[in-house]
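Report on the structure given below.
The values are calculated or read from the model by the stated rules, or taken from the named source; none is laboratory data. Nothing here was measured: the structure is a model prediction, and the numbers come from that model. Ideal geometry is used to build each Cβ from the backbone, glycine not excepted, and the neighbour counts take in all protein chains shown. Please note that ligands, DNA and RNA were not included when accessible areas were found on the heavy atoms of the full protein model with its side chains. Shrake-Rupley method; radii C 1.70, N 1.55, O 1.52, S 1.80 Å.
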Amino acid sequence: MDSLEGCKVLITGASSGVGCAAAERFARAGCDVALVARSREGLERAAETVRDLGRFAAVLPADLTDRDALAGAVSGAVDQLGGLDVVVLNAAITVFGPFEDVPPEDFDRVIDVTFMGSVNTVRAALPHLERTNGVIVSVGSLNSRVPLPAWSSYCAAKHAERGFLNTLSVELRAQGSGVRVAQVHPGAINTPVWDQTPSSTGYLPRRPPEGYPPEQVAEALVTTTMDPRPEIMFGAEAIGLDLLWRSLRPAGDLVMSIVYHYFLSGKRPEQGDVDALREAVGRGVSADGLFQRPSVTSAARGLASAPLKVGRRVLR
């Protein structure tokens, strides 16, 4: 696919973070978009950006765990856009803390939104994508392939999502379907999640020392949609940790133990006035700007942002 001009794109989790950035990037590529999330306020802000770029934006608030509401949102997207060519699976929530400290209902909620939300979206959208030989592209995660200590529910959900999408891709190919499935797996991203996640410890996680701008990940989604590949590791951090975990397991265990203690060393009190697991918190902001890439890692950052070739195209 040489151009996305005129494509009709549905994005879940579009009220914040990568989803918000993806709305803007797909609009710049010439797409009309349907934006789905719980927060109408955040969706409206994202839609304003799309409309300012001269493209159409449909705002469709829905909780992805409500199958009827989600089916209505997908139908509304098809009606307002005039069809559906691309679905971007981005919605996710998190809860922070050691597994034994996380309330079971919070663990289950993360699984329901992050994993089952993707399943529900695919179920509702797949018949429409079959008509256009469309594309499903997922914002996966490095942690669909390696552990993420102190975030066990999110890690489990992303492992499950990856297994589901890889299996779906094989099934569609075996059935002769024209629908393609792609996944982009980035490392840490600079989004509002680091300040909005509920915590079982009473403290927010210590922020990563660096993270990718959500706009870079969104651009990778656009590129991958044009040239779908089953799985793409985004950036040197993701590639390196994935290789370490698969090839040098004892060293991988040690690194992940250090990561566990690093996250738990955070001293910022949890912002408990809003329950981000069950309430709409998206504000239409892609990056929070609450942490910067430290200058001492400039060399590593240069490596992380080096182009990763995918077929004839390049991701940065």
Inset, instruction - Determine if the stretch 104-115 includes at least one residue that is farther than 23 Å from Thr167 by Cα, part of a helix (DSSP H, G or I) and in contact with a Ser or Thr (Cβ under 7 Å, 6 or more places away or on another chain). - result: yes
Legend entry - Residue check for Asp32: open to solvent by 10 Å² or more (accessible area, probe 1.4 Å), more than 24 Å from Pro186 (Cα to Cα), modelled with pLDDT of 95 or more and not aliphatic (A, V, I, L, M): yes
Legend entry - Of the criteria (1) of a type outside the set (Asp, Glu); (2) modelled with pLDDT under 95; (3) not in a helix (DSSP H, G or I), which one Ser138 fails: (2)
Inset, instruction - Would you confirm whether any residue within the stretch 97-108 is under 24 Å from Ala218 (Cα atoms), at pLDDT 95 or above and open to solvent by less than 70 Å² (accessible area, probe 1.4 Å)? - result: no
Inset, instruction - Filter the stretch 1-60 for residues that are within 23 Å of Val193 (Cβ to Cβ), of a type in the set (Lys, Arg) and out of contact with any Gly (no Cβ under 8 Å at 6 or more places or on another chain) and give the result. - result: Arg25, Arg40
Inset, instruction - Would you confirm whether any residue within the stretch 148-171 is more than 29 Å from Ser257 (Cα to Cα), in a loop (DSSP other than H, G, I, E, B) and either charged (D, E, K, R) or open to solvent by 10 Å² or more (accessible area, probe 1.4 Å) (or both)? - result: no
Inset, instruction - Considering each of Arg45, Arg51 in turn, give the residue that is within 25 Å of Ala27 (Cβ to Cβ), open to solvent by 50 Å² or more (accessible area, probe 1.4 Å), modelled with pLDDT under 95 and assigned to a helix (DSSP H, G or I). - result: Arg45
Inset, instruction - With the condition kept exactly as written, say whether any residue in the stretch 65-76 is in contact with a helix residue (DSSP H, G or I) (Cβ under 8 Å, 6 or more places away or on another chain), among the β-branched types (Val, Ile, Thr), closer than 18 Å to Val137 by Cβ and in contact (Cβ under 8 Å) with a residue 40 or more places away in the chain. - result: yes
Inset, instruction - With respect to Leu81, determine if the residue is within 15 Å of Asn120 (Cα to Cα) and not hydroxyl-bearing (Ser, Thr, Tyr). - result: no
Legend entry - Qualifying position, being over 22 Å from Thr223 (Cβ atoms) and part of a loop (DSSP other than H, G, I, E, B), among Asp63, Asp68: Asp63
Inset, instruction - Could you tell me which residue of the stretch 199-219 is nearest to Arg278 (Cα to Cα), considering only residues that are open to solvent by 20 Å² or more (accessible area, probe 1.4 Å) and part of a loop (DSSP other than H, G, I, E, B)? - result: Ser200
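Residue-wise test of (1) of a type in the set (Lys, Arg); (2) at pLDDT 90 or above; (3) open to solvent by less than 30 Å² (accessible area, probe 1.4 Å); (4) part of a loop (DSSP other than H, G, I, E, B).
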{"position": "Val181", "(1), (2), (3), (4)": "no, yes, yes, no"}
{"position": "Thr191", "(1), (2), (3), (4)": "no, no, yes, yes"}
{"position": "Leu221", "(1), (2), (3), (4)": "no, yes, yes, no"}
{"position": "Thr224", "(1), (2), (3), (4)": "no, yes, yes, no"}
{"position": "Pro228", "(1), (2), (3), (4)": "no, yes, yes, yes"}
Inset, instruction - Identify all residues within the stretch 1-37 that are in a loop (DSSP other than H, G, I, E, B) and under 15 Å from the mean Cα position of the chain (by Cα); write none if there are none. - result: Gly13, Ala14, Ser15
